[in-house]
Amino acid sequence: MYILSSTTNASNFVTGVDKAFMIIMGISFVFLIGLTFTMLYFIYKYNRKKNPVATQIEGSTKLEIIWTVIPTILVLVMFYYGWAGWAPMRNAPKDSFNIQVTGRMWNYTFQYENGKTTDTLFVPMNKAVKLKLISMDVIHGFFIPAFRIKEDVVPGREKSAWFIAQREGLFELFCSEYCGLDHSYMYTYVKVMPEQKFKAWYVDTTKHVDVAAVESPTANGKRIMKNIGCFACHTVDGNKLVGPSFKGIYGHKVTVTTGGNDREVTVDDEYIKKSIYDPNADVVKGYNKGLMQPYVGQLSEDDIKQITEYLKTLK
Amino acid sequence: MQTAAQIPHDVSYLDYKGKYKGIFAWIFSTDHKRIALLYMFSMMTLFLVGVALGLAMKLELIAPGRTIMGPQSYNAVFTVHGVIMIFMIVIPGLPAVFGNFMLPIMIGAKDVAFPKLNLLSWYIYVLGALLVIASVLFGNGIPDTGWTFYAPYSFKTGTNLLPAIFGAFVLGFSSILTGLNFIVTIHRMRAPGMTWFKMPLFPWSLYGTAWIQLLATPVVGITLVLVSLERIFGIGVFDPTLGGDPVLYQHLFWIYSHPAVYVMILPAMGAISEIIPTFSQKHIFGYKAIIASTLAIAFVGYFVWGHHMFTSGMSGTAQYTFSILTFIVAIPSAIKVFNWISTMHKGSINPDIPFLWAVTFIFVFMIGGFSGLVLGALATNVYVHDTAFVVAHFHFIVFGGVGFAFFGAIHYWYPKMFGRMYDKAWAKMGWAFFTVGFLTLYSPMFYLGMMGMPRRYYDYLPEFHAANILSSLGSWVMAFGLVIVIINLFRSAKNGPIAPMDPWHGKTLEWTVPSPPPVENFDEIPVYGEKDGPYNY
Ligand code: HEM
Ligand SMILES: [Cu+2]
Ligand SMILES: [Cu+2]
């Protein structure tokens, strides 16, 4: 639908990319249909019943040259349009609006310069937006089909992407690079708002995230965990996912492996903090090391306090 | 030309009784023809497993949400499916089966240059396959990285990845040794008078392929060793948390795996270049142009790997250089298509079963190739990379290309290999179902990719539903066709009517020996005279 209704022009790249599509696919269809029908015609016309004796022809240098040169010219035309539609994606204008995108298994979060953090990408219309792409664990793919942009989010590398959204609305944002269990659930939305509306939303820092309202410390903890994606790996109902369930976790004993030795610990505030800041130090028995990433710098001590409050309520 | 047609009743390779009995007469045989069949049966078994996994995925995707399995299983299924299909089916592919069987006969030799090495290659192949199977059956969890084993996920996953990687590594040696064997065979063992430019096109394609196998496979071997060392000892080449670079992994992986695509497709093209002239009873059009394009593909194919990485982060210059080279490598493939179609012009065409497969090959190969142009251009690649579009593209090329050519080749050489003919009515029906199913299965994936559906997706948004239903239905039709084709071939090997020496009136040397060929192929090595040629009808 995106391609088919390319007139929607949701971003500044749509025209260039779709033009390349049209030219490449147009030429391809002409050749595909032309060659297929030529082939079928030959099979019909020179069927052995009609033409019992073949005429031996070994080749033709002239034809070989023609069908080398013409396709070469055509593919160079295709190359040109491919390049022309892509070149503007390389460099963002200097005055772009900056947003940091953090990908992790299996969600994206978006951080704005004023400290706002969201799990939906809010952007102003008709303004260049530059995204800094950061991965906390494995490679993810940042893909907004309607905008025609895609860029891998590679751990250890700072990458970026940019666009100018030209249409108000909600557009899908996928993870396009396979990243493990819930890769197909690692999607969210881009919400494009007219600049005025966006400004109003942006300056309103009373609401940390506009998805859920802040009520009590426990609700707050739940909201933080939801936005940052803990529930991709943990449940609250006793079922195991990638990590242990949080049901009844607080105050209970767990067996953990620390540097190769098993030991038993009681889950308290300190343990939870350590599990979040340095999850691979004590690994819960029966689970794999290295899956949960340290959240240092992403969750403040205050955030963790709120999370702990919430975990206490899960009996 | 002196042919070996007058050989008295020598024992056929199928009936020959050597010092071993039963199955050992096969697995200890160094006869290139028996080894070819060993490969064929082992590959057929693995192929059916791969197909079953493919069908399971399609069933899962028939509706959003969970249908028959959870996400962990789905990820394991596409990984094992990909590993089997790529490393065990299409890379050994036509060379292992038809190359082994036909190459010596087509160039007038009694066997390949190193028959024992040839058998060893098959042992290595089996060992590699067993290792991969072990990774599925034992250990804590089936590998779930995708067949590409991308870092750093391949270090993070808790699944039993090492045996699978080691299996792929071992399979590489089988490929290298087969390539080496073929290169020496072609250089040293052509019949007297068969100059390079009198050699048929299938051996030519094997020659181009063999060089890629020999030169490119070690790169992936070393890469897989590095991954293993990193997983075991944490040496820090690819893992960013240890100071490594995951994009380096992708470069090393694709430096092999792109040329590997040509390892798959070149022999397929070679088989088509034999079938088309035989069924048109006409000299192949542009013999030298086809050879030149084979060599050009083998050479330029080394320099296009970056087109798999346009979104991973390369310099702009690298990106458009890879893009332009990708377009250049498309030209020789186009030249081949033009020459095949011109061969039909003014021919005397017998649209028999092998020819039907060959023509459908050309059709699906063109679709695969044209979609490759979309992937070669930068702007469009960025959009469809890692979407269902790519899945459609490579199934059209590797499954459409190699698969249709393989079935074309088996129906073409079957009477020679088994001395019997299959049932043509069933064969035609199998082909029809297979073709219709194939197109229904994969065409919707182009559309899904254009809509923006990423690949390796266990679940999808409702807007992708309709096309996925169609695709899943197609998979059943195709599977039905496949069953017909395989059963027909199996039954006919015992019960089919006895095939003559030269059922299709071919001109290459394999049609001058009895069907099935005797153990040593030729009583007397044939001699190519001035006027002889593989396509002189
Ligand atoms: C019955 C036949 C087949 C069916 C139904 C089938 C279906 C599929 C499906 C549904 C996927 C997963 C796409 C995704 O979610 O990303 C897939 C992936 C794949 N298939 Fe097939 N396929 C078949 C035959 C083949 C053959 C013959 C080959 C050999 C070339 C092949 C090679 C691959 C590869 C390499 C992948 C990618 C795996 C990965 O992403 O790691 N398939 N196939
Ligand atoms: Cu992902
Ligand atoms: Cu490639």
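The values are calculated or read from the model by the stated rules, or taken from the named source; none is laboratory data. Since this is a predicted model, take the numbers as computed values, not measurements. Heads up, the Cβs are rebuilt from the backbone with ideal geometry, glycines too, and the neighbour counts pull from every protein chain shown. SASA here: full protein model, heavy atoms, side chains in, ligands and nucleic acids out. Shrake-Rupley method; radii C 1.70, N 1.55, O 1.52, S 1.80 Å.
Restricting the range A:159-178 to residues that are more than 16 Å from ligand 1 (Cβ to nearest atom), charged (D, E, K, R) and under 14 Å from the mean Cα position of the chain (by Cα) leaves a set whose member that is modelled with the highest pLDDT is A:Lys159.
Tell me whether the range B:410-420 contains one or more residues that are away from ligand 2 (no atom under 16 Å from the Cβ), within 14 Å of chain A (Cβ to nearest Cβ) and more than 30 Å from B:Met309 (Cβ to Cβ). Steps first, answer last, please.
The first filter runs over the range B:410-420 and keeps only residues away from ligand 2 (no atom under 16 Å from the Cβ), leaving B:410-420.
Okay, now just the ones that are also within 14 Å of chain A (Cβ to nearest Cβ), so none.
Taking every residue of the range B:410-420 in turn, none turns out to be away from ligand 2 (no atom under 16 Å from the Cβ), within 14 Å of chain A (Cβ to nearest Cβ) and more than 30 Å from B:Met309 (Cβ to Cβ).
What do you reckon, is B:Phe310 buried (at least 23 other Cβ atoms within 10 Å of the Cβ), more than 7 Å from chain A (Cβ to nearest Cβ), of a type outside the set (S, T, N, Q) and closer than 24 Å to B:Tyr249 by Cα? Yes: the conditions hold for B:Phe310. Screening B:Gly158 on (1) open to solvent by 40 Å² or more (accessible area, probe 1.4 Å); (2) farther than 22 Å from B:Met85 by Cα; (3) modelled with pLDDT under 90 shows it passes everything except condition (1). Of all residue pairs spaced 6 or more apart or on separate chains, those with beta-carbon atoms under 7 Å, a first member in the range B:70-85 that is within 11 Å of another protein chain (Cβ to nearest Cβ) and a second member that is more than 11 Å from ligand 1 (Cβ to nearest atom) are B:Pro71/A:Leu181; B:Pro71/A:Asp182; B:Gln72/A:Leu181; B:Asn75/A:Leu181; B:Ala76/B:Ile142. If only residues of the range A:98-107 that are open to solvent by less than 10 Å² (accessible area, probe 1.4 Å) and away from every other protein chain (no Cβ under 14 Å) are counted, the one that is farthest from ligand 1 (Cβ to nearest atom) is A:Ile99.
Looking at the range A:162-178, which of the residues that are part of a strand (DSSP E or B) and surrounded by fewer than 16 Cβ atoms within 10 Å (Cβ to Cβ) is farthest from the other protein chains (Cβ to nearest Cβ)? Only one residue fits best here, namely A:Gly169. Note on the range A:150-161: among residues that are at the interface with chain B (Cβ under 7 Å from one of its Cβ atoms) and under 9 Å from A:Ile134 (Cα atoms), the one that is surrounded by the most Cβ atoms within 10 Å (Cβ to Cβ) is A:Val154.
Select from the range A:58-71 the residues that are within 41 Å of the chain's Cα centre (by Cα) and either touching a residue at least 60 places away in the same chain (Cβ under 8 Å) or open to solvent by 40 Å² or more (accessible area, probe 1.4 Å) (or both) and list them in ascending order. Result: A:Thr68, A:Val69, A:Ile70. State all residues of the range A:179-193 that are part of a strand (DSSP E or B) and either of a type in the set (Phe, Trp, Tyr) or within 16 Å of ligand 2 (Cβ to nearest atom) (or both); if no residue qualifies, say none. Passing the criteria: A:Thr188, A:Tyr189. Counting only helices (runs of 4 or more DSSP H) that fall entirely inside the range B:370-418 and contain at least 1 residues that are open to solvent by less than 10 Å² (accessible area, probe 1.4 Å) and over 30 Å from B:Asp502 (Cβ atoms), the qualifying elements are B:378-384, B:388-394. Among (1) more than 13 Å from B:Lys336 (Cβ to Cβ); (2) within 13 Å of chain A (Cβ to nearest Cβ); (3) surrounded by fewer than 19 Cβ atoms within 10 Å (Cβ to Cβ), which single condition is B:Ile255 missing? Result: B:Ile255 fails condition (2) only. When B:Gly236 is tested against (1) touching a Leu at 6+ places or on another chain (Cβ under 7 Å); (2) assigned to a loop (DSSP other than H, G, I, E, B); (3) at pLDDT 90 or above, just one condition goes unmet, and that condition is (3).
In this structure, does B:Pro240 turn out to be away from ligand 2 (no atom under 16 Å from the Cβ), out of contact with any Cys (no Cβ under 7 Å at 6 or more places or on another chain) and within 14 Å of another protein chain (Cβ to nearest Cβ)?
Working: away from ligand 2 (no atom under 16 Å from the Cβ): yes; out of contact with any Cys (no Cβ under 7 Å at 6 or more places or on another chain): yes; within 14 Å of another protein chain (Cβ to nearest Cβ): yes.
Against the criterion (away from ligand 2 (no atom under 16 Å from the Cβ), out of contact with any Cys (no Cβ under 7 Å at 6 or more places or on another chain) and within 14 Å of another protein chain (Cβ to nearest Cβ)), B:Pro240 qualifies.
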